[in-house]
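Shown next, in structure tokens, is the structure this report addresses.
The values are calculated or read from the model by the stated rules, or taken from the named source; none is laboratory data. A quick note: this is a predicted structure, and the numbers were derived from the prediction, not measured. Reconstructed Cβ throughout: ideal geometry from the backbone, glycine too, with neighbour counts over all protein chains shown.
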Amino acid sequence: MYRRIGLVVIILLFIGAAKAFAFEGVNKSFIGGLAVDGYDSTAYFTKAKPEEGGADFSVEYKGATWRFADAKSRDLFAASPSAYAPQYGGYCSNQMSLGNLADTDPGVWLIFEGKLYLFGHDAGRIRWRQTGIAERIKDADKNWQKFLAKD
């Protein structure tokens, strides 16, 4: 009897873990559902640096909470979220170009042709610069479409 109960618990834990790691269109923090780990995605464009957002200035977009440093930044994003949201739902751009999903470090980023790309490590950003950003974007775009098709 205890074996059956143990087996049921293991199965339920496995199912819960599988759902926790399912693909989502926006990379969100595990606690709080924050996009870009709570950083202000407009700051990369307007201040050329990452800046933490605050709970007082937030917007819900694509099932995630996006935080901003001030009301002006929040309103800028709200008026045109696709212009300020990072590419690939905020997943690591380098790993996306390799066909993988990975988290990012909000301090490792680049803007190319008016779009924000986040990376998990500086090595990925360096790889993109050394091997051709436009080529890596083509790879990442193709892989991103495959992930979206699974959703």
When you go through (1) at pLDDT below 95; (2) in a strand (DSSP E or B) one by one for residue 24, which number turns out not to apply?
-> (2)
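Results for (1) over 23 Å from residue 141 (Cβ atoms); (2) at pLDDT 95 or above; (3) among the aliphatic types (A, V, I, L, M), shown as yes or no for each residue.
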position	(1), (2), (3)
47	yes, yes, no
78	yes, yes, yes
86	no, yes, no
94	no, yes, no
Residue 71 versus (1) closer than 12 Å to residue 40 by Cβ; (2) touching a residue at least 24 places away in the same chain (Cβ under 8 Å): which is the lone unmet condition?
-> (2)
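Would you be able to say whether some residue in the range 11-20 is out of contact with any strand residue (DSSP E or B) (no Cβ under 8 Å at 6 or more places or on another chain) and modelled with pLDDT of 95 or more? Show your work before the answer.
Filtering the range 11-20 for residues out of contact with any strand residue (DSSP E or B) (no Cβ under 8 Å at 6 or more places or on another chain) gives 11-20.
Next cut, modelled with pLDDT of 95 or more only: none.
Looking through the range 11-20, none of the residues is out of contact with any strand residue (DSSP E or B) (no Cβ under 8 Å at 6 or more places or on another chain) and modelled with pLDDT of 95 or more.
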Residue 48 vs. criteria among the small types (Gly, Ala, Ser) and more than 24 Å from residue 120 (Cβ to Cβ) | no
Here the qualifying pairs (Cβ atoms under 9 Å; residues six or more apart or on different chains; first in the range 28-48 and surrounded by fewer than 22 Cβ atoms within 10 Å (Cβ to Cβ) and among the acidic types (Asp, Glu); second at pLDDT 95 or above and not in a loop (DSSP other than H, G, I, E, B)) come out as 37/52; 37/90; 37/105; 37/106
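Could you check the range 49-58 and list, in sequence order, the residues that are of a type outside the set (Lys, Arg) and either surrounded by fewer than 21 Cβ atoms within 10 Å (Cβ to Cβ) or not in a loop (DSSP other than H, G, I, E, B) (or both)?
Let us first name the residues in the range 49-58 that are of a type outside the set (Lys, Arg), namely 50-58.
Across the range 49-58, the qualifying residues are 50, 51, 52, 54, 55, 56, 57, 58.
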Scan the range 93-151 for residues that are surrounded by 15 or more Cβ atoms within 10 Å (Cβ to Cβ), part of a helix (DSSP H, G or I) and free of Cβ contacts under 8 Å to residues at least 24 places away in the same chain and report the count.
-> 1
Is there any pair with a first residue in the range 81-92 that is within 10 Å of residue 103 (Cα to Cα) and a second that is at pLDDT 95 or above and part of a helix (DSSP H, G or I) whose Cβ atoms are under 7 Å apart and which are 6 or more apart or on different chains, and what are they?
-> 90/36; 92/124
Only one of these conditions is not met by residue 74: (1) assigned to a strand (DSSP E or B); (2) of a type in the set (Lys, Arg); (3) more than 25 Å from residue 148 (Cα to Cα). Which number is it?
-> (1)
